[in-house]
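Written out below as structure tokens is the structure these notes cover.
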Amino acid sequence: MVDTNDAGALSGPVPDAAPRRSDPRIRKIILADVGDAFAGGLRDFQSAPVFGLFFGGVYAIGGMAIVLSAFYLGLGYLAYPLAAGFALVGPFAAAGIYEVSRRLESGDELSWRSILSVVYAQRKTDLGWMAFVTVFMLVVWMYQVRLLLALFLGFQSFTNMNEFLEVLVSTPEGLMFLVVGNVIGLMVSLVLYSLTVISFPLLLDRDVDFITAMITSVRAVMSNPYPMLSWAAIVFIWLIIASLPFFLGHFMALPVLGHATWHLYKKVVEPAEG
């Protein structure tokens, strides 16, 4: 039997375990804000070009290594989907770029040690989970490429890249593979773009979990479909152009786009309260 005094104590107010943080608030933006963000990205790149070229170079060399490995393994016909899929990990590869922009904005020290230590520390944060999401989407993309190859071109093997290209452009099956594959690739890219365009800079900037970051990113795209999809088109065009000279253009494209994405994030998401 419970004593009445104890019962009164038990019925008293119970302190909350932990106060819940409010979700990041989304602003409405216009197309001019996208242009301003891009201009801000160019300024940041010009302010700290060495850091941008370093991270852009790492990304470019990674793309080169993947494509060359495909040719070395006799899988040259996967070079195009691999190059296209590699663009999916661009938001994660630009983590160091976001940190450079954050420091330029706040006036913090710009040094290799400070920036690389922040990037290295992200392996133990929710940004690491976002990296897993991007890699998972890359794997999904490559699996659907292999599935489409089997559906439209069968299980035939190609002795060289020229033979594969000839089949693609001179047969109905090859043309259908190109059309369907690019449509599906566009859908995968839009999904991942919606999940990540705001997520990575938000996770680097604030103490939020990666689920909240992805939801916030999708909310940003849904609330500003025209400006955000316009930015997606700009990123897509830049990445294609940068990839054509064997990924060399990414030495500049990745840092400029990364810096610009940081500025776009700051325009779309309201500053944290307090």
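Where a number appears in this text, it was derived from the coordinates with a stated rule and is not lab data. Just so it is clear, the structure is predicted and the values come from calculations on it, not from any experiment. A quick note on method: Cβ atoms are made from the backbone with ideal geometry, for glycine too, and the neighbour counts reach across all protein chains shown.
Structural remarks
- Listed by chain and number, the lysines placed with their C-alpha closer than 19 angstrom to that of LYS28 are LYS266, LYS267; residues fewer than eight positions away on the same chain are left out.
- Degrees, to the nearest 10: 95-106 long Cα axis against longest axis of the chain: 50 degrees
- Contact order relative to length of the chain, as percent, for alpha carbon pairs under 8 angstrom and 6 or more apart: 40 percent
- Taking GluC sites (Glu not before Pro) across the range 46-111, the ones in a DSSP loop with at most 13 further Cβ atoms lying within 10 angstrom of their Cβ are GLU109.
- The chain: most fluctuating residue of ASN224, ASN182, ASN162 per GNM, C-alpha cutoff 10 Å: ASN162
- By average C-beta atoms within 10 angstrom, highest first, the peptides 36-45, 60-69: 36-45, 60-69
- Residues whose amide H lies under 5 Å from that of VAL269, counting only those 5 or more places away or on a different chain, are ARG27; hydrogens are built 1.01 Å from N in the peptide plane.
- Derived scalar couplings ³J(HN,Hα) [the range 30-47; Karplus, 6.51 cos²θ - 1.76 cosθ + 1.60; whole Hz; x for Gly, Pro]: 10, 4, 4, 5, 5, x, 5, 5, 5, 5, x, x, 5, 5, 5, 5, 5, 6
- Förster radius 22 Å - calculated FRET efficiency between ILE184 and LEU75 (Cβ-Cβ, nearest 0.05): 0.65
- Rounded to 10°, Cα long-axis angle of helix 126-153 versus longest principal axis of the chain: 30 degrees
- Extension gain for THR171 to TRP129 (0.36 nm times residue separation, less C-alpha to C-alpha distance): 10.9 nm.
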